[in-house]
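Novice: Take this structure first; my questions come after.
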Amino acid sequence: MKNHKKRNIIGFVLVLAVIAACAFVALVGVGDKHQGSAKNIKLGLDLAGGVSITYEVNEDNPSAEDMNDTVYKLQQRVSVYSTEAEVYQQGADRIVVEIPGVYNAEEMLATLGNPGTIEFYEQGSTDSSDEDETEESEETQSSSGFDASLYGWDLVLDGNDVVDAQVTTQQNEYGNSEYVVRVTFSSEGGKKFEEATSRNIGNPIYIVYDGEVISYPVVQQTISGGDCVISGSFTYESANSLATSIRLGVLKLTLSEVSSTVVGAKLGEDAVNTSLLAAAIGFILIVIFMICFYRISGVAASIALTLYLVMMLCFLNAFDVTLTLPGIAGIILSIGMAVDANVIIFTRIKEEIAKGKTVENSIKLGYHKALSAILDGNITTLIAAAVLYLMGTGTIRGFATTLALGIVLSMITALFVTRVVMAGFFSMGLTAEKFYGRQKEHKPFNFIGRKALFYLISFVVITAGLIAIGIHSIGSGSGLNYSLDFTGGTSMTVTMNDYIDVTGEDGEALRAMIEEQTGNTDIQLQNVKDSNDIVIKTQVLDSEQRSALKDTLISDYGVNADGGITEENITGVVSGEMRTNAVVSVIISGILMLIYIWIRFKDIKFGASAVLALCHDVLVVLAVYAIVRIPVGNTFIACMLTIVGYSINATIVIFDRIRENRKLMASSDLALIVNTSITQTFSRSINTSLTTFIMVFMLYVLGVSSIREFALPLMAGIVGGAYSSVCITGSLWYLMTKKFSKKTKKNN
C-alpha cells in the first residue's frame, strides 16, 4: 500500500516536472537559437507580414476560368510553405502571392521559383537512349529552349494530369532510408502513365519543367495505381527541388515574376497583446471556476490545463504551424474545449459519490464511465478535422491542424494527466468526500413535453436570419455582408511623403479618413518594408469614391498626384473552389460522423439527430451573421468549422447517457429515459459551454475589431450548440424512435 502511494506521489511530481520543462521550452527555448520558444512560432500576414510576390501571365488574354484555376492551384502549391499563404488575382493578368513569416524576398523567389509548365516525355522511334546524348540535350535545352520534336520525344502527360508531388522516404535495397519523390496522378493521368511505363521498361521518362529537363528516371517496371516514386541519390534539398518544380508545373498558365516586396503586418502588436491578455484572464477565470465547482478535482484539471497550454505552444513549433489571429482565437477556444473531458469525468465522480461509493472507487468508476463519451465525442471531431485537412487548402488546412492537435492533447491531459494528479492528491491524504463533492439529485425536467416550444424558438431565430438575408439581398444585392476575402476589391499602393505605421495611431487616423471618404469599413492597410509605401485594400470603389479618396490623400497627406498612387482590382483570397471544398468537407464530415455514431450506438437515429443538430447550429450562426451584418471573410469558414467540431461533443455525451439509461431503466417510459439523461448531463453541458464562453467573451471584450467579428458569432454558436444539445437532439431522437417503433408494430 505504501509503495502504491509512493508511486502516485512520484507520478504527481513527474507531471509537475514535465509542466516546468515544457513551460521552459515554450518561454525560453533550447540552445542558442531558442528552438521551441513561443517567440519562434510562425505568425501570419495579419500579425507579422511577409513576402508579397506579383506574377504576370505569359499567355495573351487568359480566360477567367484559366485564371481562377491557376489561382486555386497556386494556392495549393504555396500552402507547402505556409497554410496561411494568400493568393489572389490582380487586374486581368496578374496573380499576387503573399507568404507570411518570410522577409527575404530573394530567398523566397529562389525557393518558390517561377511557376512554369511540367511535361512528361518518352523516347520516340528516332530517339536514342545513349546517356551522353541525353546529357547533351539537357545542356542545349537549358540555353536555347525546349523542342521535343528535335529529339523525337513523344508527350506522355502534362501538368493537368498531375495532382501532387511530395518528398518522402523509403528503404533502399541495402535497408537504408533514402529520400524519394512521390508523384500522384489524376485517374486519367494514371492510365496514361501506366501505358507509357509498360512500353518503356529500361528506358527513361523525361520530366521537363518550363522547357528544361529536370529529371529522367529509368522505368524499372509497369507502374499502375495512379502514383509513382522517383528514386536516386537525392539529398532532401534536391528531392524537394524536384517535387516543388512538379507541383508548380501543375498550372494551366505560365507565370513570370514581376515584382516582390516585403509587406508589414495588417494588424499591430496591440492585437496580439490584447488577445494574449484575453487568454490569460480567461484562463484564470476558468481555473477559479473549476476549483470552486469541482474542488480538488478542479485543481487537478487546472494543472492538466496548464500542461495542455504549454504543450500546445511546443507542438505549434514542432509542426511548423503558421499562427494568425483566428488561430490564436482557435487555441483560446480549444482551452475551453479541453475543459470538456475533465468536466465529464468529474461529474461522473460526484455522481458515484452520491450513490454511496467510496472516493477511491468513485474516481476509478468516474474515469471508466466517462471514457466512452470522451472517446466518441473527440473521435467524431477528429473525423471532421481529418476530412478538412485532406480536402481543404490554406486557412482551412491550418485550422484542421490546430483542431486535431488540440483534441489529441486535451484527451491526453484529461484521461492520463488529471488521473495521475488526482491519484497523487489522494495519496497525500486528501481522501475526504468534501474535497471532491457530491452530485445533487435533481428531478427529471420534462424536456420532451416542451419540445414544441423549443422547436418554435429555433424556428423563429433561423427564420429571422433567412428573412434578413432576403431583405438584404433585395436592398443591396447581397444577403450576407461579404468582405474583401470573398468579394475582392481595390488595391491602392500609395507613396507617402513620410513613413506612417499603419498599426499605430497615425494608421488609425488614415483608416478613419478612408472610411469617411469611401463609406467602406472593410479596410486592410499594410506597410511596404524599407519604403514609405502603404498598400490600401478596400471593397470595390466606384469612380466617385476613388476620386474622393485620391483627392484627400493628395491634399491632406501631400501624396504626389502623378505616380504617387497606383491601383488595381483584386479578387478575393477565398476562391470559389475553396468555398466549395469547405462546404463539401462539412457534408462529408457530417456523413462520416453519422456513420460513426450509427456504428458506435448501433442506432442510425442517434447519428441522424446529431447531424440535424449540427445543421441547426450552423443556421443559427448564419442568422447572427445576417442580422448583425458581421463581415463574412476568411474567418467565417473557420467559425463555421469550429461550431461543427465543437457542438457535437455535448450531443454525444447526452446520447451516451441515453444509451446507458436504456439498460438501467429498461421498464421505464422512453420519454422519462430521455428526460432523465438530459437532466443528469445538464450541469456538464452548462459548465462546459460556460467555460468556453468565458474564453471567447474575453476575446470579444478585449480584442481588436477583427477578433470581435470572429468572437461574436462564436459566442452565438456556443449558446446555440448548448441549446440544441440539451433541448433539440434528445427530442429528435425520441420522435424518430417512437415513429419507427409504430411502423414496426404495424408491420408486425
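The values are calculated or read from the model by the stated rules, or taken from the named source; none is laboratory data. What you see is a predicted model, and the numbers here were worked out from it, not measured in a lab. Quick reminder, even Gly has a Cβ in these numbers, built from the backbone with ideal geometry, and neighbours come from all protein chains shown. Heavy atoms of the whole protein, side chains included, go into the accessibility calculation; ligands, DNA and RNA do not. Shrake-Rupley method; radii C 1.70, N 1.55, O 1.52, S 1.80 Å.
Novice: Using the Cα gyration tensor of segment 584-640, with a ≥ b ≥ c the square roots of its eigenvalues, what is the shape: rounded (a/c below 1.5), prolate (a/b larger than b/c) or oblate (neither)?
Specialist: prolate
Novice: Compute the separation of the alpha-carbon centres of segment 431-485 and segment 685-720 and state it in Å as a whole number.
Specialist: Here the answer is 14 Å between Cα centres.
Novice: Something else about it: Mind running the shape call on segment 458-563? Use the C-alpha gyration tensor, a ≥ b ≥ c as the square roots of the eigenvalues: rounded below 1.5 for a/c, prolate if a/b tops b/c, oblate otherwise.
Specialist: Judged from the Cα gyration tensor, segment 458-563 comes out prolate (a/c at least 1.5, a/b above b/c).
Novice: Which of S149, H442, T197 sits farthest toward the positive end of the charge dipole of the chain, with +1 on the Cβ of Lys and Arg and -1 on the Cβ of Asp and Glu?
Specialist: Checking the options against the dipole of the chain, the answer is H442.
Novice: So, with a 1.4 angstrom probe, what is the percent of accessible area on the chain that is carbon and sulfur?
Specialist: Exposed carbon and sulfur together represent 57 percent of the surface.
Novice: How big is segment 547-684 on each of its three principal axes, counting only the C-alpha atoms and giving the largest first in Å?
Specialist: Rounded to whole Å, the extents work out to 86, 30, 19 Å.
Novice: If DNA, RNA and ligands are ignored and the probe is 1.4 Å, what is the ranking of K350, K39, K6, K252 by accessible area, most exposed first?
Specialist: These residues rank, largest area first, as K39, K6, K252, K350.
Novice: In addition: For the chain, with every protein chain kept in place, what is the accessible area per residue (1.4 Å probe, Å²)?
Specialist: With the other protein chains kept in place, the chain gives 44 Å² per residue.
Novice: Rounded to the nearest 20 Debye, what is the dipole magnitude of segment 184-259 about its Cα centre when Lys and Arg each give +1 and Asp and Glu each give -1 at the C-beta?
Specialist: With only Lys, Arg, Asp and Glu charged at Cβ, the dipole is about 200 debye.
Novice: Moving on to the next point. Once you sort the root eigenvalues of the Cα gyration tensor of segment 480-626 as a ≥ b ≥ c, which label holds: rounded (a/c under 1.5), prolate (a/b larger than b/c) or oblate (the other case)?
Specialist: The shape class here is prolate.
Novice: In the chain, once you exclude exposed chymotrypsin sites (Phe, Trp or Tyr not before Pro) (DSSP loop, at most 16 other Cβ within 10 angstrom), what's the longest stretch remaining?
Specialist: Longest stretch, sites excluded: 500-748.
Novice: In terms of the ratio Rg/(2.2 N^0.38 Å) built on C-alpha atoms, what value belongs to the chain?
Specialist: For the chain, the normalised Cα radius of gyration comes out at 1.08.
Novice: How high is the relative contact order of segment 643-748, in percent, counting Cα pairs under 8 Å that sit 6 or more residues apart?
Specialist: In percent, rounded to a whole number, it is 39.
Novice: By how many degrees, between 0 and 90 and to the nearest 10, does the Cα long axis of helix 296-318 differ from the longest principal axis of the chain?
Specialist: So the helix axis and the longest Cα principal axis differ by about 10 degrees.
Novice: With a cut-off of 8 Å between alpha carbons and a minimum separation of six or more residues, what is the relative contact order of the chain in percent?
Specialist: Averaging sequence separation for qualifying contacts and normalising by length gives 16 percent for the chain.
Novice: For the chain, find the longest principal axis of its Cα atoms and tell me its angle to the long axis of helix 64-78, 0 to 90°, nearest 10.
Specialist: Taking the Cα atoms of the chain, the angle to 64-78 is about 70 degrees.
Novice: With axes computed from alpha carbons, what is the tilt in degrees of helix 576-601 against the longest principal axis of the chain, rounded to the nearest 10 within 0 to 90?
Specialist: Once rounded, the angle reads 30 degrees.
Novice: Additional query: Per DSSP helix of 4 or more residues, -39500 (n - 2.57); summed, then divided by the residues of the chain. What does that give at 222 nm, rounded to the nearest 500?
Specialist: -20000 deg cm²/dmol
Novice: A further question follows. In the structure displayed, which of K350/K434; K252/K537; K5/K350 lie more than 21 Å apart, Cα to Cα?
Specialist: Checking Cα-Cα distances, K252/K537; K5/K350 exceed 21 Å.
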